[in-house]
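See structure below.
The values are calculated or read from the model by the stated rules, or taken from the named source; none is laboratory data. In this text the structure is predicted, and so the values were computed from the model without any measurement. Because the Cβ atoms are built from the backbone with ideal geometry, glycine has one as well, and the counts that use them run over all protein chains shown.
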Amino acid sequence: MTYCTKCGKKNDDDAEFCSKCGVRLDTKDKKNSNKKQLKKTGKIIEEKAEEFGKSIEKAGIRFESKFENSIKDFQKWYDNKFKVAGPLIWSFLGLIILRLIISLMDRSGDDVVVLGEISDFLYSYLLILFGLMLLNFYNSYLNRTYKKQYRFISPAISTISCVVTLWILSKILIIIDTNLEIPFLASIANFIDEYIFVIFIVILLLGYCFELIIKPFAKEVSKK
């Protein structure tokens, strides 16, 4: 809208003369008015968008908090219900799921040879993979149940699990490279095989640094 500089009457944007007093409307004032209106509208949109973004962020934080609390409540109920047998149940469920995946990959082996070879490899190391699941689930369970007593053992167990997983991964990468000829994957696999002991020491040191230094320091900072 454009205001008449003489009588103050509000006129349409495309009006050349004031509808009340007939004075020619100043187009410069009209342009300035339009610019101010656009600027004001843009500011309002920006503020609304910022408010919407903050509300979405808050909703996301609330959802994440509720989800984490639900997981913790379920975990607490599960640990109290099944106790030491809990990790064993999860391990068997993991074994069943892994066996199904291997079967699906094996069926696809006729069309995609590399999947068939990977499924054969996983099947031949099925007991090791099951042991790895047991190790991880019991490590997690003991870490939750006996935090103070187990904190000195947990990094070592986690390191063993991580290194074994990396070793299995390196073998799978070699199978993929053999079939698809991807030298980069072979380089990664060879690096893991060659420096597996060094990797073990580095992960172990990082694990204990986190558990014995960074974690307590973070707790002290959060208390302050």
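Show the residue pairs meeting these rules: Cβ distance below 9 Å; 6+ apart or different chains; first residue within the stretch 94-105 and surrounded by fewer than 16 Cβ atoms within 10 Å (Cβ to Cβ); second residue in a helix (DSSP H, G or I) and not aliphatic (A, V, I, L, M).
That search, which allows pairs on different chains as well, returns ARG99/TYR123; ILE101/SER119; SER103/SER119; LEU104/SER119.
Mind checking which residues of the stretch 161-176 are buried (at least 18 other Cβ atoms within 10 Å of the Cβ) and of a type in the set (Gly, Ala, Ser)?
Across the stretch 161-176, the qualifying residue is only SER170.
Tally up the residues in the stretch 146-193 that are among the small types (Gly, Ala, Ser) and within 17 Å of TYR208 (Cβ to Cβ), please.
Final tally of qualifying residues: 4.
Could you run through the stretch 74-83 and say how many residues are surrounded by 11 or more Cβ atoms within 10 Å (Cβ to Cβ) and either part of a helix (DSSP H, G or I) or touching a residue at least 40 places away in the same chain (Cβ under 8 Å) (or both)?
Going through the stretch 74-83 one residue at a time, the tally reaches 5.
Return yes or no: is SER158 surrounded by 18 or more Cβ atoms within 10 Å (Cβ to Cβ) and either outside any helix (DSSP H, G or I) or small (Gly, Ala, Ser) (or both)?
yes
Looking at the structure I just gave you, is GLY109 touching a helix residue (DSSP H, G or I) at 6+ places or on another chain (Cβ under 7 Å) and not assigned by TED's automatic domain parsing to the domain that holds LEU169?
yes
I'd like to verify a number: residues in the stretch 106-129 that are in contact (Cβ under 8 Å) with a residue 12 or more places away in the chain, outside any loop (DSSP other than H, G, I, E, B) and of a type in the set (Ser, Thr, Tyr), how many?
Count: 2.
Given (1) within 28 Å of VAL198 (Cα to Cα); (2) outside the structural domain of VAL198 (by TED's automatic domain parsing); (3) buried (at least 17 other Cβ atoms within 10 Å of the Cβ), identify the lone condition not met by GLY86.
The one condition GLY86 does not meet is (1).
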